[in-house]
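What follows is a short report on a single structure.
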Amino acid sequence: MNRTFEHIYFPILIDLRRFPCLVVGGGRVALRKVLSLLEFNARVTVVSPKVCKDLMGLSMQGKIIVIRRPYSAEYIEDHGIVFSATDNPETNRIISSDCRRAGVLLNAADNPSICDFILPATFKSGYLTVSVSSQGKAPFYAKHMKRKLAGAVPPSTAEITELAAEFRKLLLSSGNPMSRNSKTKAYKAFLTTDWEKALTGEGKKDPETLLKKLARELRHA
């Protein structure tokens, strides 16, 4: 099969604080989109004449803006990304046309033909973010693989990821630049340390002290 001209989506992580998000729709699908966006510190506006109780609750908490009106093109202004969460084909068509004219990226729930991007199945553990995609071909299988991968992640992954970030910072903060070989050796030393045991095992150690000791030894090795 010639796959040259098939849709192939490029995986990317984006800072949503710089791209205000508009969600069109006020039901359960819209709620799922909003909750996912908030997990990544997005600024979210919801526009829909009818809005579910949970979305109104988020609005009352100041976490999102809700506009209880029918969709119109004016709401795209000042938004970098639009999520269509309606079940109305005509509304979706209009939103798609408006987004194309405005140069705004669109994701439409269960309507890949008008999507500029699709959403992978994702789980987070602290800074660690794992996304799984089937390129939109078999989303149910991507979700299945996400659950399998999430089940394999150790309980202390969030803390270990923070320690890894601090370890890298300690290595790079020294006055002398490290060679590639030195960095490889240092990262291997971190990865072969039993951080799970240090954080949760019997005779629990102070991970920060252990981290600084390891970084100091490697810098002077």
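With viscosity set to 0.890 mPa s at 25 °C, what whole-number translational diffusion coefficient in µm²/s follows for the stretch 74-138 from Stokes-Einstein and a Kirkwood radius over Cα pairs?
Numbers: Rh = 13.1 Å.
Rounded to a whole number, D works out at 187 µm²/s.
What full-extension length gain, to one decimal in nm, is calculated for SER97 and GLU77 as 0.36 nm per residue of separation minus the Cα-Cα distance?
Details: separation 20, 0.36 × 20 = 7.20 nm, distance 1.40 nm.
Stretched out fully, the SER97 to GLU77 stretch lengthens by 5.8 nm.
Report Rg (one decimal) and Dmax (nearest whole number) for the stretch 14-70, counting Cα atoms only, units Å.
Considering the stretch 14-70 through its Cα atoms, Rg and Dmax are 10.3, 30 Å.
Hey, which aspartates and glutamates would be in cross-link range of LYS124, C-alpha to C-alpha under 15 Å, not counting anything within fewer than 8 residues on its own chain?
GLU39, GLU159, GLU162
Taking 0.36 nm per intervening residue step and subtracting the Cα-Cα distance, what contour gain separates GLU162 from LEU210 on full extension? All intermediate terms of the calculation are to be shown ahead of the outcome.
Details: separation 48, 0.36 × 48 = 17.28 nm, distance 1.38 nm.
The GLU162-LEU210 span can extend by a further 15.9 nm.
Which Rg and Dmax, in Å, describe the Cα atoms of the stretch 157-219?
Cα radius of gyration and Dmax of the stretch 157-219 are 11.8, 37 Å respectively.
Using unit Cβ charges (K, R positive; D, E negative) and no other charged atoms, how large, in debye to the nearest 20, is the dipole of the stretch 157-219 about its Cα centre?
Details: 13 positive and 9 negative charges, 94 e Å.
Computed charge dipole of the stretch 157-219: roughly 460 debye.
Starting from the coordinates of the alpha-carbon atoms of the stretch 71-221, obtain the Kirkwood hydrodynamic radius over all distinct pairs and give the value in Å to one decimal. Write out the running numbers ahead of the final one.
Details: mean 1/r = 0.0515 Å⁻¹.
Mean inverse Cα-Cα distance, inverted, gives 19.4 Å.
Take the Cα gyration tensor of the stretch 8-163, multiply each eigenvalue by 5, square-root it, and list the three semi-axes largest first, rounded to whole angstrom. It would help to have the intermediate numbers written out before the result.
Values: eigenvalues 152, 71, 41 Å².
Square roots of five times the eigenvalues give 28, 19, 14 Å.
With runs of 4+ DSSP H residues as the only contributors, calculate the mean residue ellipticity of the chain at 222 nm using -39,500 (n - 2.57) per run, divided by the residue total and rounded to the nearest 500.
Working: 8 runs with 94 residues, N = 221.
So the calculated ellipticity at 222 nm is -13000 deg cm²/dmol.
Can you tell which of VAL46, LEU191, PRO139 lies farthest toward the positive end of the dipole of the chain, using +1 and -1 charges on the Cβ of basic and acidic side chains (Lys, Arg; Asp, Glu)?
Selected residue: LEU191.
No lab work stands behind these numbers, since they all come straight from the coordinates. Please read these numbers as outputs of a predicted model, since none were measured by experiment. Cβ: placed from backbone, ideal geometry, glycine included. Neighbour counts: every protein chain shown.
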